[in-house]
Amino acid sequence: MSDEISRLFQEELEQLEQFKSRCSDEQYQGNALMVHYADMARIFEKNLRSMMKMTKISDSQQLYLQEIQQELEREIEERIKVEEKLAESYKRHRRNQFLLDLAEGHRVFDDSAWNTARQLMLYLPTIFHVFYLRFTGWCGKSLNWTAENAAEVQTDIDAMVDNLNRCQGIVAWEWDEGIGLLHFALPKDTKEQQLAIGTTLKKQLAVRFPRIGIAVGIAGKLGAFDRFAHYCKQARAAAAVGCRLWPGMDVYHYQDGGAYQLLYPLADSQDTEEFIERMIGNLLVFDRENGTDLLPTLEKILQAPNLKVVAEEMYLHHKTIVSRKQRIETILGISLDAFDVRFNISIALHLLRFRENILR
């Protein structure tokens, strides 16, 4: 029974008690009318107490009703949360797709794109640094999108994207196995400042999202929207190349990759494999079958100004290096004295190392 109803019943009972008390006063003894009133009061009290029993709810019933009410409130609260998540997910998906189309060059920054950006409430800086946050693992293990915890991994990634987008001067979107990111820049920002920002991002995200491992790739120059896709791809390539060439550094600038950045798009092609086989395939087979290490010697010969320097670096006699050079030339059927041969062999060696270190 509610407190309000209980109070009303109690007030009625108190008034009846007062009335019965007056009717039983000595001065009214033998008064038939007062006796009749007292009888009526007793009947009314009996009916009132019956009504109280009918409307009374036991403690267990009261507790049960409270539990139902709380459960309904929880369901409503959960439904509101789910609807908010769906709305946020839809908004994130639209922003992601828009920025992804721009990053991959499927769309250019024209008037229509700017209108879409405004509709999506994307506040894009006019000058910016471009970063690519490459996922390197989750909970200390390699990232596996087919694993049972894939949904949990995606939840962490969505939270990271949302967190970054709440930071002033940053626009982020999910992009393959990583996150593309624009960071507000000043016209005179240098490479060192880019690296400092990348390092700060890495440290802050490691604290907020310790389960996700990331490496940071940085585009070669300050970004501008007329070359948006170009700089986005530079940042992505910097992360991919850097992770294998310098594992453990975790922050990589495009300019530090040198020629490897140019080789990156070609590394996994069939043509590259055939080129390596044609240039140095026989030497690879010879080393494997005979347990020799002529390939490292070849690399030293191509890098050094003369054979005497090679001998000193390898702690071998000069004649030993001359003998190895001659054997290499015989196996490959070439002369290492010809510039074009040295150039082609050098490219093949770089591609080989690139494939071994970069490709998964």
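Tabulated results
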{"quantity": "Full-stretch length increase - residue 209, residue 347 - with 0.36 nm per residue and alpha-carbon distance subtracted", "calculated": "45.6 nm"}
{"quantity": "Approximate shape of segment 152-200 as ellipsoid semi-axes (Cα gyration tensor, √5λ), whole Å, largest first", "calculated": "24, 11, 9"}
{"quantity": "The chain: most fluctuating residue of 319, 191, 20 per GNM, C-alpha cutoff 10 Å", "calculated": "20"}
{"quantity": "Sequence-distant residues sharing a close amide H with residue 252 (under 5 Å, placed H)", "calculated": "216, 217, 218"}
{"quantity": "Zone of residue 193's modelled label, taken as backbone nitrogen in segment 219-239 under 11 Å from a point 7 Å along Cα→Cβ", "calculated": "222"}
{"quantity": "Added length on full extension, which subtracts the Cα-Cα distance from 0.36 nm per residue, residue 67 to residue 224", "calculated": "50.7 nm"}
{"quantity": "Descending principal axes extents, segment 301-342, alpha-carbon based, whole Å", "calculated": "27, 18, 10"}
{"quantity": "Share of Cα-Cα pairs in segment 232-360 lying beyond 20 Å, as whole percent", "calculated": "51"}
{"quantity": "Global size of segment 263-338 as Cα Rg and Dmax, reported in angstrom", "calculated": "13.7, 40"}
{"quantity": "Within the chain, helix-based [θ] at 222 nm, where runs of 4 or more DSSP H residues each add -39,500 (n - 2.57), nearest 500", "calculated": "-21500 deg cm²/dmol"}
{"quantity": "Segment 281-320: mean projected area of Cα convex hull, nm²", "calculated": "3.0"}
{"quantity": "Accessible-area ranking of 346, 21, largest first, probe 1.4 Å", "calculated": "21, 346"}
{"quantity": "Segment residue 202-residue 74, extension gain: residue separation times 0.36 nm, minus the distance between their alpha carbons", "calculated": "42.3 nm"}
{"quantity": "For the chain, built as a Gaussian network whose Cα springs stay under 10 Å, the top-fluctuating residue of 304, 215, 259", "calculated": "304"}
{"quantity": "Radius 12 Å from Cβ of residue 108, net charge of other residues (Lys, Arg +1; Asp, Glu -1)", "calculated": "-3"}
{"quantity": "Heavy-atom accessible area per residue - segment 185-240, 1.4 Å, Å²", "calculated": "48"}
{"quantity": "Kirkwood hydrodynamic radius of segment 166-294, Cα pairs, Å", "calculated": "16.9"}
{"quantity": "Cα-based radius of gyration of segment 185-235 once divided by 2.2 N^0.38 Å, which approximates compact folds", "calculated": "1.28"}
{"quantity": "Ratio of the Cα radius of gyration of the chain to 2.2 N^0.38 Å, where N counts its residues", "calculated": "1.96"}
{"quantity": "Net charge dipole size for the chain [Lys, Arg +1 and Asp, Glu -1 on Cβ; Debye, nearest 20]", "calculated": "1420"}
{"quantity": "Within the accessible area of the chain (1.4 Å probe), percent carbon and sulfur", "calculated": "53"}
{"quantity": "Spin-label pair residue 335/residue 97, simplified geometry with 7 Å Cα→Cβ offset, distance in nm", "calculated": "6.3"}
{"quantity": "Under the Debye formula (equal points on every Cα, no solvent term), log10 I(q)/I(0) of segment 108-252 at q = 0.10, 0.11, 0.15, 0.22 Å⁻¹", "calculated": "-0.34, -0.41, -0.75, -1.47"}
{"quantity": "Heavy-atom accessible area order for 128, 184, largest first, 1.4 Å probe", "calculated": "184, 128"}
{"quantity": "Calculated P(r) tail over 13 Å for segment 66-125, as whole % of Cα pairs", "calculated": "70"}
{"quantity": "Share of Cα-Cα pairs in segment 67-188 lying beyond 19 Å, as whole percent", "calculated": "57"}
{"quantity": "Long-range amide H partners of residue 212 with built H, under 5 Å", "calculated": "139"}
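The values are calculated or read from the model by the stated rules, or taken from the named source; none is laboratory data. From a predicted model like this one, the values you see are computed outputs, not experimental measurements. Reconstructed Cβ throughout: ideal geometry from the backbone, glycine too, with neighbour counts over all protein chains shown. Quick note on the areas: whole protein, heavy atoms, side chains included, nothing else; ligands and nucleic acids left out. Shrake-Rupley method; radii C 1.70, N 1.55, O 1.52, S 1.80 Å.
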